[in-house]
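**Student:** Here you go, one structure.
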Amino acid sequence: MKTIYMDNNATTRVAPEVLEAMMPYFGEFYGNPSSAHTFGGQVGHKIREAREKVAAFLGAHPDEIIFTSCGSESDNTAILSALQTQEGKRHIVTSRVEHPAIKVLCSHLAKRGVRVTEIPVDREGRLDMERYEESLTEDTAIVSLMWANNETGVLFPVEEAARMAKERGILFHTDAVQAAGKIPIDLDRSAIDMLSISGHKLHAPKGVGILYVRKGTPYAPFLIGGHQEHGRRGGTENTASIIGLGRACELAKDHMAKENTRVRALRDRLEQEILTRVPRTRVNGAGAERLPNTSNISFEFVEGEAILLLMDEFGICASSGSACTSGSLQPSHVLRAMGVPFTMAHGSIRFSLSIYNTEDEVNFVVEKVPAIIEKLRSLSPFRKTEEVACAREV
Amino acid sequence: MWDYTDKVKEYFLNPRNAGELKEANAVGEVGSMACGDAMKLMLKVNDEGVIEDARFLTFGCASAIASASALTELIKGKTVEEAEKITNQDIAKYLGGLPKEKMHCSVLGRQAMEAALADYKGEKVQEKEGTIVCECFGVTDLEIERAVRENNLKTVEEVTDYTKAGGGCESCHETIREIIARVQGEGAVTQRPKLSNIKKIKLIEETIEREIRPSLQQDGGDVDLVDVIGNRVLVATRGACALCHASEITLKSLVEAKLHEFVSPDLVVEEVKE
């Protein structure tokens, strides 16, 4: 069975060009980049090149790039660094729809006496900018807002939010894991102080991430140990993956154009066809500015995990914000924050496309999905009555 | 991805007895869309009290659909009295087991059956008895007590897996902990009456014989009871156990754990060299 992969916000395929760039560094060139000899030094040289490529991609200086192990490590490092370097400040501003790498860290810090303000979003997932402005205080150590939401693709105006923080002397971090490679980022012209990226979301391998730290930003390392990354992140470099990530950033410039034309067109067609063919369906965050590749669709009267498993029978890969998928009993915190009724949140499916998806694949999915939803609705006790029971909203 | 058995997958992909049952004379509806799963069970019971046909409609995940389907297979052809004895464990067993986080699907099945049988007997669909403990999922203290008792649950997480209680805002966790302690306490009293010395020694001997010796002998070792002084249990190790530097760990972890489980949690095991 052919796999139709539409779960690219979970992870992406390693680009063949990236894999090719990495291969020698698993085998022949296994030297330690920190070594004094030529054999290790040549790997160190490739890492410097990778750093330059990443910097060019982000509009940053190579010295501002720290390689980490993943997006979560970058997120954690940014927040903890801001608290450690500004001991007098004990307040964090973030949003209600952040990735767990920020959300869970903040609730953990809240238990240790840090004040956390979570800015709400409206029904389309847009940030409440008035509440945001009000929340900035003299005690605020850092603002952390995601650039693009992983579940809905909704974009936050982080450039504007960063300027507002800067005016007040507050550090600004953005989790750009989903945004990188899909929308333009130019840190040279931005007020963003720190930015996190994950390699495997932009066709590089898993196990490598980036933390951008603007020159002059107070910084304390999270992993303490070796002198690697100029003492800003201890631990021997993940050489092959860093070299791969450098190559992926080079490719991303070219990919980005495709993301915003071809991928956007595929996404729009997938969305329109499903909405047309399946009644009682809606797109979450449709009214907001969104990533070009993401579509979060709710199907009323059915449950997400059941939809995923039936799609799986056809090799279609997507994900769901339903409670049953996550292992928790509550549907996605993002959809709840947007006030999506429970009746819709339980039946939400996220399709996230990439440059590797084709027209044929979209045709296949829009042909299969209506029958899957119809099968599950025929089993559902709510279908006939069409009553919207207990549509409690948060 | 959930680790479902082949039977769960089969009953989800090709559910038996799905759909409306027009000639139903007993209907049970439980759950709600807000909670993420709901079930409607329809039965046709004949004059002899035998369930001739059963159909279901389910809103929920794969295991909720499979549990409902399994339930209809389990009760078809059974009398009302026989059906009343079916537990959530029976539903899970029929499916070759459910992931622990999904046990609440089997509980939903049992609740649907109870509601349908109550409807058949003409009992009013009564308001939920007891007091709501979990506001998020509307679970009462009596429902939690029953799940703890029938499934021997020991932690809040287990209660959440079986009843959903505590799976939302978590503000009821303390109350759930109290209920577990209360119900488990009842068990301890009935299972563990105060032991006389003779009974205690006899029970220790039996436990060593039945629970401990076989596993030690497998590894070429053995253990003998030397004496019991108050709560101190003196034992001597033989064979491989006596030579093994890890014997103290073996004794502590195995012998003491088994004696705590089967005799009394107050016992302390000591090794005597002979």
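**Student:** With 19 Å as the cut-off, how large is the P(r) tail for segment A:179-253, expressed as percent of Cα-Cα pairs?
**Tutor:** When every Cα pair of segment A:179-253 is considered, 42 percent fall beyond 19 Å.
**Student:** Using only Cα atoms, figure out Rg for segment B:132-191 and give it as a multiple of 2.2 N^0.38 Å.
**Tutor:** Relative to the rule-of-thumb radius for its length, segment B:132-191 sits at 1.02.
**Student:** If you average 1/r across every pair of different Cα atoms in the protein assembly as shown and take the reciprocal, what Kirkwood value do you get, in Å?
**Tutor:** It is 28.8 Å.
**Student:** A follow-up question, please. Which ordering of A:PHE314, A:PHE156, A:PHE26 is given by a fewest-first count of other beta-carbon atoms within 10 Å?
**Tutor:** Result, fewest neighbours first: A:PHE26, A:PHE314, A:PHE156.
**Student:** Arrange the following residues from fewest to most other Cβ atoms within 10 Å of their Cβ: A:PHE364, A:PHE351.
**Tutor:** Least crowded to most crowded, the residues run A:PHE364, A:PHE351.
**Student:** For segment A:355-376 and segment B:15-59, what is the separation of their Cα centres, given in Å?
**Tutor:** Value for the Cα centre distance between the two parts: 32 Å.
**Student:** Additional query: Show me, for segment B:209-217, the HN-Hα J-couplings you get by feeding each phi into the Karplus relation (A = 6.51, B = -1.76, C = 1.60, θ = phi - 60°), rounded to Hz, glycine and proline as x.
**Tutor:** Whole-Hz 3J(HN,Hα) from phi for segment B:209-217: 4, 8, 9, 9, 4, x, 6, 5, 5.
**Student:** Which residue, B:PHE137, B:PHE59, B:PHE262, tops the fluctuation ranking in a GNM of chain B built on C-alpha contacts under 10 Å?
**Tutor:** B:PHE262
**Student:** Add -39500 (n - 2.57) for each DSSP H run of 4 or more in the protein assembly as shown, then divide by its residues: what number comes out at 222 nm, to the nearest 500 deg cm²/dmol?
**Tutor:** -12000 deg cm²/dmol
**Student:** Taking Cα pairs under 8 Å and at least six residues apart, what relative contact order does segment A:1-110 come out at, in percent?
**Tutor:** Once normalised by length, the contact order is 11 percent.
**Student:** By how many degrees, 0 to 90 and rounded to 10, does the Cα axis of helix A:100-111 deviate from the longest principal axis of chain A?
**Tutor:** So the helix axis and the longest Cα principal axis differ by about 80 degrees.
**Student:** Now, a different point. Return the long-range amide H neighbours of A:GLY209 (sequence gap of 5 or more, or a different chain), with a cut-off of under 5 Å between placed amide H atoms.
**Tutor:** HN-HN under 5 Å from A:GLY209: A:THR68, A:SER69, A:CYS70, A:GLY199.
**Student:** When only alpha-carbon atoms count, how far does segment A:119-175 stretch along each of its three principal axes, as whole angstroms with the largest first?
**Tutor:** 32, 19, 15
**Student:** Hey, another quick one. Provide the descending list of Cα extents for segment A:153-200 along its principal axes, expressed in whole angstroms.
**Tutor:** Each principal axis gives a Cα extent; for segment A:153-200 these are 34, 19, 16 Å.
**Student:** Considering chain A, what Rg and Dmax in Å follow from its alpha-carbon atoms?
**Tutor:** Answer for chain A, Rg first and Dmax second: 21.8, 76 Å.
**Student:** Based on the Cβ-Cβ distance of A:GLU52 and A:GLU289, what FRET efficiency does E = 1/(1 + (r/R0)^6) give at R0 = 35 Å, to the nearest 0.05?
**Tutor:** Efficiency at R0 = 35 Å is approximately 0.65.
**Student:** Moving to a separate point now. Please give the FRET efficiency for A:HIS37 paired with A:ASN260, using the beta carbon to beta carbon distance and R0 = 45 Å, rounded to the nearest 0.05.
**Tutor:** 0.50
**Student:** Quick one: 3J(HN,Hα) in Hz for segment B:108-114, Karplus 6.51/-1.76/1.60 with θ = phi - 60°, rounded, Gly and Pro as x.
**Tutor:** Each residue of segment B:108-114 in turn: 4, x, 4, 5, 5, 5, 4 Hz.
**Student:** Here's another thing I want to ask about it. Quick check: Cα centre of segment A:49-79 to Cα centre of segment A:292-331, how many Å?
**Tutor:** 33
**Student:** Go ahead and run the numbers for FRET between B:VAL228 and B:ARG149, Cβ-Cβ distance against an R0 of 35 Å, rounding to 0.05.
**Tutor:** 0.60
**Student:** Explain nothing, just compute: Karplus ³J(HN,Hα) = 6.51 cos²θ - 1.76 cosθ + 1.60, θ = phi - 60°, for every residue of segment B:129-136 in order, whole Hz, x for Gly and Pro.
**Tutor:** 7, x, 10, 5, 9, 9, 6, 4
**Student:** Taking the beta-carbon count within 10 Å as an exposure proxy, list B:ASP90, B:ASP266 from fewest neighbours to most.
**Tutor:** B:ASP266, B:ASP90
**Student:** With no solvent and one equal point scatterer placed on each C-alpha of chain B, evaluate the Debye formula and give log10 I(q)/I(0) for q = 0.08, 0.10, 0.11, 0.15 Å⁻¹, two decimals.
**Tutor:** -0.49, -0.69, -0.77, -1.02
**Student:** Let me ask you something else. Please build a GNM for chain B, connecting alpha carbons under 10 Å apart, and tell me which residue among B:LYS199, B:LYS76, B:LYS164 fluctuates the most.
**Tutor:** Top of the fluctuation ranking is B:LYS199.
**Student:** List the residues, sorted by chain then number, that are 5 or more residues from A:PHE172 or on another chain and whose placed amide H is less than 5 Å from its amide H.
**Tutor:** When sequence neighbours closer than 5 places are left aside, the close amide H contacts are A:VAL143, A:ASP193, A:MET194.
**Student:** How long, wide and thick is segment A:306-349, going by the Cα atoms along their three principal axes, in whole angstroms, largest first?
**Tutor:** Taking the Cα atoms of segment A:306-349, the three principal extents are 32, 17, 14 Å.
**Student:** Taking chain B as a Gaussian network, where each spring joins two C-alpha atoms under 10 Å apart, which residue of B:GLU261, B:GLU143, B:GLU29 fluctuates the most?
**Tutor:** B:GLU261
**Student:** While we're looking at this one, here's another question. Rounded to the nearest 5, what % of DSSP beta bridges with both residues in chain A are antiparallel?
**Tutor:** Roughly 55 percent of the beta bridges in chain A run antiparallel, per DSSP.
**Student:** While we're looking at this one, here's another question. Sequence-distant or interchain residues sharing an amide H contact under 5 Å with B:VAL269, placed H: which?
**Tutor:** B:VAL233
**Student:** Share of antiparallel DSSP beta bridges in the protein assembly as shown, in percent to the nearest 5?
**Tutor:** 65
**Student:** In addition: Output the Kirkwood hydrodynamic radius of segment B:6-120, Cα pairs only, in Å rounded to one decimal.
**Tutor:** When all Cα pairs of segment B:6-120 are included, the Kirkwood radius is 13.6 Å.
**Student:** For segment B:6-120, please report how many Lys pairs fall under 15 Å Cα to Cα, leaving out neighbours fewer than 8 apart on the same chain.
**Tutor:** 11
**Student:** A follow-up question, please. So for segment A:134-255: antiparallel DSSP bridges make up what percent, rounded to the nearest 5?
**Tutor:** Antiparallel bridges make up about 45 percent of those DSSP assigns within segment A:134-255.
Where a number appears in this text, it was derived from the coordinates with a stated rule and is not lab data. Remember, it's a predicted structure, so these values are computed and weren't measured experimentally. Here Cβ is always computed from backbone atoms with ideal geometry, including for glycine, and neighbour counts include all displayed protein chains.
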